[in-house]
Amino acid sequence: MWPTLQAALDDWAHAEPILRGVAESLAHDAVPHSRFHEREAAAPLPRAYQWADGSAYVNHVELVRRARGAELPASFWTDPLMYQGGSDAFLAPRDPIPFHDASWGLDLEAEVVVVTGDVPQGATREQAIAAIRLIGLVNDVSLRGLIPDELAKGFGFVQSKPASALSPVLVTPDALGERWRDGKLHGVLSVDLNGQPFGRADAGDDMTFDFGTLIAHLAKTRSIGAGSIIGSGTVSNRGADGGPGQPVAAGGRGYSCIAEVRMVETIGAGAPATPFLAPGDVVRIEMLDERHHSIFGAIEQRVV
């Protein structure tokens, strides 16, 4: 009846109760089925009408500014940053990350995303939260070496933001239970780099702008179509002392992108030491539930 997820989102009022019934039947082995192999999954939305990425964790932005000796404008705590990304192609969760030039500074960014239904222009935060249909994860691939020149033009990201990879599964808010509350996903976002723990930040902590606020910000001057993907920006936690976070190996929560650990190194030692991604590196991003089962499936990508 609905050949694609986008078709279901376009007809959500009719599709949701029927799909919910199918899910319940599958959970009780009441209908014939074959096993889902997440390694073979494409992106749930290989193309989307819109991909808008925010910067909800202002701690991350503050570190960026601090590392280059710039003050954070006070407005950054009340007015979200957001850019319009490329939505014509999302990588599958096991697709390789293309490497082209070391000077481009290839980086991972582990984030939370939501997928919306239709949102009217001028929607309130509460209306925006009610319009969230699905939640998932994304590796928002970034080319750090290209960002400064693009931002200097005053017109935003283009070349510095290639295709991102979505988690193999997107989950409805009610299925997340207490993990989804106040417009935020709560839980440890695990990021491994080459098999070693790199990030263990909690997505619900230090999130300055919840998803309702981000969506309402986007809807201020436009309506938002069903199937739009909204990102949280890099998940980032402060250290226990309120300062920059510490590596996982040092007992901290680590980082959700390489740029952030490089900023912390610059603040502490005057220069970054951690390299950006190179061919052969493997990135893994996922979130586990209380039984250590993967909630959204894993994004696992090798740089080639």
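Taking Leu189 as the residue in question, decide whether it is farther than 21 Å from Arg94 by Cα, open to solvent by less than 30 Å² (accessible area, probe 1.4 Å), in contact (Cβ under 8 Å) with a residue 24 or more places away in the chain and not hydroxyl-bearing (Ser, Thr, Tyr).
no
Of the residues in the stretch 80-117, how many are in contact (Cβ under 8 Å) with a residue 60 or more places away in the chain, on the phi < 0 side of the Ramachandran plot and part of a loop (DSSP other than H, G, I, E, B)?
Of the residues in that region, 17 qualify.
Looking at Phe157, Phe198 in this structure, which one is modelled with pLDDT under 95, buried (at least 16 other Cβ atoms within 10 Å of the Cβ) and closer than 23 Å to Leu277 by Cα?
Within the list Phe157, Phe198, the selection yields Phe157.
Residue check, Ala102 against (1) open to solvent by less than 20 Å² (accessible area, probe 1.4 Å); (2) of a type in the set (A, V, I, L, M, F, W, C); (3) closer than 28 Å to Gly245 by Cα, all met but one. Which one?
Here Ala102 meets the rest and fails (1).
Take Ser236 and decide whether it is surrounded by 19 or more Cβ atoms within 10 Å (Cβ to Cβ), hydroxyl-bearing (Ser, Thr, Tyr) and in contact with a Ser or Thr (Cβ under 8 Å, 6 or more places away or on another chain).
Considered against the rule, which asks whether it is surrounded by 19 or more Cβ atoms within 10 Å (Cβ to Cβ), hydroxyl-bearing (Ser, Thr, Tyr) and in contact with a Ser or Thr (Cβ under 8 Å, 6 or more places away or on another chain), Ser236 comes out as yes.
If you check Leu277 against the conditions, is it more than 30 Å from Ala175 (Cα to Cα), touching a strand residue (DSSP E or B) at 6+ places or on another chain (Cβ under 6 Å) and in contact (Cβ under 8 Å) with a residue 40 or more places away in the chain?
yes
Name the single residue that is least open to solvent (accessible area, probe 1.4 Å) among those in the stretch 253-295 being out of contact with any helix residue (DSSP H, G or I) (no Cβ under 9 Å at 6 or more places or on another chain), within 18 Å of Ala110 (Cβ to Cβ) and assigned to a loop (DSSP other than H, G, I, E, B).
Among residues in the stretch 253-295 that are out of contact with any helix residue (DSSP H, G or I) (no Cβ under 9 Å at 6 or more places or on another chain), within 18 Å of Ala110 (Cβ to Cβ) and assigned to a loop (DSSP other than H, G, I, E, B), the one least open to solvent (accessible area, probe 1.4 Å) is Asp281.
Condition check ((1) modelled with pLDDT of 95 or more; (2) over 22 Å from Ser167 (Cβ atoms); (3) in contact with an Asp or Glu (Cβ under 9 Å, 6 or more places away or on another chain)) across all residues:
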residue	(1), (2), (3)
Leu218	yes, no, no
Ser223	yes, yes, yes
Ala226	yes, no, yes
Ser236	yes, no, yes
Ala240	no, yes, no
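Scanning the stretch 1-36 for residues that are charged (D, E, K, R) and exposed (fewer than 15 other Cβ atoms within 10 Å of the Cβ), which turns out nearest to Ala131 (Cα to Cα)?
Of everything passing the filter in the stretch 1-36, Asp11 is nearest to Ala131 (Cα to Cα).
Looking at (1) more than 25 Å from Arg181 (Cα to Cα); (2) part of a loop (DSSP other than H, G, I, E, B); (3) open to solvent by less than 50 Å² (accessible area, probe 1.4 Å), find the lone condition where Gly245 falls short.
Gly245 satisfies all of (1) more than 25 Å from Arg181 (Cα to Cα); (2) part of a loop (DSSP other than H, G, I, E, B); (3) open to solvent by less than 50 Å² (accessible area, probe 1.4 Å) except (1).
Could you check Gly233 against (1) part of a helix (DSSP H, G or I); (2) closer than 30 Å to Gly177 by Cβ and say which number it fails?
Condition not satisfied by Gly233: (1).
Would you be able to tell me the number of residues in the stretch 118-146 that are open to solvent by 20 Å² or more (accessible area, probe 1.4 Å) and not in a strand (DSSP E or B)?
13
Given (1) in contact with a strand residue (DSSP E or B) (Cβ under 9 Å, 6 or more places away or on another chain); (2) outside any loop (DSSP other than H, G, I, E, B); (3) surrounded by 14 or more Cβ atoms within 10 Å (Cβ to Cβ), where does Arg39 come up short, assuming only one miss?
For Arg39, the exception is condition (3).
Does the stretch 66-89 contain any residue that is among the hydrophobic types (A, V, I, L, M, F, W, C), open to solvent by 20 Å² or more (accessible area, probe 1.4 Å) and under 14 Å from the mean Cα position of the chain (by Cα)?
Within the stretch 66-89 (the criterion being among the hydrophobic types (A, V, I, L, M, F, W, C), open to solvent by 20 Å² or more (accessible area, probe 1.4 Å) and under 14 Å from the mean Cα position of the chain (by Cα)), the answer is yes, since at least one residue qualifies.
Does Lys184 meet the test of being out of contact with any helix residue (DSSP H, G or I) (no Cβ under 8 Å at 6 or more places or on another chain), open to solvent by 20 Å² or more (accessible area, probe 1.4 Å) and not small (Gly, Ala, Ser)?
No.
The values are calculated or read from the model by the stated rules, or taken from the named source; none is laboratory data. Please read these numbers as outputs of a predicted model, since none were measured by experiment. Neighbour counts run over all protein chains shown; Cβ positions are idealised from the backbone, glycine included. Note: accessible area is taken over every heavy atom of the protein model, side chains too, but ligands, DNA and RNA are not part of it. Shrake-Rupley method; radii C 1.70, N 1.55, O 1.52, S 1.80 Å.
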